[in-house]
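Input: a single structure, listed below in structure tokens.
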Amino acid sequence: MINQADKILITRDVRLWYGQKEALHGIDLDFPKKGITALIGPSGSGKSTYLRALNRMHDLEDNVTVTGSFNFNGSDIYAPTTDTVDLRKKIGMVFQQPNPFPFSIYDNVVFGLRLAGVKDRKVLDQAMEESLKAASIWEEVKDDLQKSALGLSGGQQQRVSIARVLATQPELLLLDEPTSALDPVSSHNIEETLMNLHDQYAMIIVTHSMSQASRISDRTAFFLNGSLIEVDDTRKIFIDPSQKETQDYISGRFG
Ligand SMILES: Nc1ncnc2c1ncn2[C@@H]1O[C@H](COP(=O)(O)OP(=O)(O)O)[C@@H](O)[C@H]1O
Ligand SMILES: [Mg+2]
């Protein structure tokens, strides 16, 4: 259980339809202000659908209906007055495919700040350096800041993507299978990066890797067929889950 005062996000009875098809069947899930929550479950269980609902990514698609309550630090994510650009700064997202823009490393990292109107070179320089350091890639790129981000390896691009998200000072990071397009060494670097951010940010990571969930997360939520089966401390989920479906999944009986 998370203490009420330590929660950054409280979601209740989250339902989502793609057209007529209900893909999420009433999810109740809360997240602490710091640390990593893993969302696990077989392909098609609704992990990405739920994650994308948290920063209103579905607003960009036609024919999607979302209901339920989403209380983020006391504000309603789906309130008509919510500015989604501002929301996506506070709730940043990292995708499976590293997605640097075809600009320099520097311009990638400060992109969001420039969009927000920051022009002061000193402010940009400082935010850029801090973000690259926080994303554990500063040492590798500090002499190449004006080079294209597209020239970096996939793992480096993913850490630049993380730095770009961190630069706008989010409170919550959403990561959708951020290592599944990467080689094992790059994946390991991303895991280390996330663990280094553990004390400063709330993070929610979708992963199909149970070993990754058990290595890096504090809490794990198990999704199946659009429902949340259970959520608990990661150790409890992997050693002594309460639900038979969870037990079957973690012991490799399906998925
Ligand atoms: N854009 C979409 N349109 C229609 N159905 C979708 C769309 N995206 C996902 N789905 C369906 O919603 C369900 C959950 O998918 P998803 O959230 O992507 O699962 P996961 O991330 O756990 O693999 C699946 O049945 C999937 O086919
Ligand atoms: Mg997915």
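The values are calculated or read from the model by the stated rules, or taken from the named source; none is laboratory data. Please read all numbers here as calculations on a predicted model, not as lab measurements. Heads up, the Cβs are rebuilt from the backbone with ideal geometry, glycines too, and the neighbour counts pull from every protein chain shown. These accessible areas exclude ligands, DNA and RNA; they are computed on the full protein's heavy atoms, side chains included. Shrake-Rupley method; radii C 1.70, N 1.55, O 1.52, S 1.80 Å.
Dipole size in debye (nearest 20) for the stretch 189-255 around its Cα centre, Lys and Arg Cβ +1, Asp and Glu Cβ -1?
Rounded to the nearest 20 debye, it is 160 debye.
If you count only protein heavy atoms and use a 1.4 Å probe, how large is the accessible surface of residue 218, to the nearest 10 Å²?
Its heavy atoms expose roughly 70 Å² to the probe.
How much accessible area per residue does the chain have, counting only protein heavy atoms and a probe of 1.4 Å, in square angstrom?
Value for the chain: 47 Å² per residue.
List the pairs from 89/119; 33/119; 33/142 whose alpha-carbon separation is above 28 Å, in the order I gave them.
Going by Cα-Cα distance, 33/119; 33/142 fall outside the 28 Å limit.
For the stretch 119-245, what % of the accessible area comes from carbon and sulfur atoms, probe 1.4 Å?
47 percent
Under a 1.4 angstrom probe, counting protein chains only, how are 253, 235, 215, 56 ranked by accessible area, largest first?
235, 253, 215, 56
For the stretch 145-214, with only Lys/Arg (+1) and Asp/Glu (-1) charged at the beta-carbon, what is the dipole magnitude about the Cα centre, in debye rounded to 20?
The calculation lands at about 300 debye.
For the chain, what does -39500 (n - 2.57) per DSSP helix run (n ≥ 4), summed and divided by total residues, give at 222 nm, in deg cm²/dmol to the nearest 500?
-9500 deg cm²/dmol
Mind jotting down the distance between the C-alpha centroids of the stretch 181-206 and the stretch 225-247, whole Å?
Cα centres, the stretch 225-247 to the stretch 181-206: 22 Å.
May I ask you to evaluate 6.51 cos²θ - 1.76 cosθ + 1.60, the Karplus curve with θ = phi - 60°, for each residue of the stretch 242-247 and list the ³J(HN,Hα) values in order in whole Hz, giving x for glycine and proline?
7, 9, 4, 4, 5, 4
Restricting to DSSP loop positions (anything but H, G, I, E, B) with no more than 10 other Cβ atoms inside 10 Å of their own Cβ, which chymotrypsin sites (Phe, Trp or Tyr not before Pro) remain in the stretch 150-254?
Qualifying residues, ordered by number: 254.
Take the Cα radius of gyration of the stretch 1-154 and divide it by 2.2 N^0.38 Å, with N its residue count; two decimals is plenty.
Here the answer is 1.22, to two decimals.
Run through the stretch 97-137 and list the chymotrypsin sites (Phe, Trp or Tyr not before Pro) located in a DSSP loop whose Cβ has at most 16 other Cβ atoms within 10 Å.
Taking the stretch 97-137 and a limit of 16 other Cβ atoms within 10 Å, the loop chymotrypsin sites (Phe, Trp or Tyr not before Pro) found are 103.
Could you pull out every residue, at least 5 positions away or on a different chain, whose amide H is within less than 5 Å of the one on residue 94? Hs are placed 1.01 Å off N in the peptide plane, and Pro or chain starts have none.
Under 5 Å from the amide H of residue 94: 174, 175, 176.
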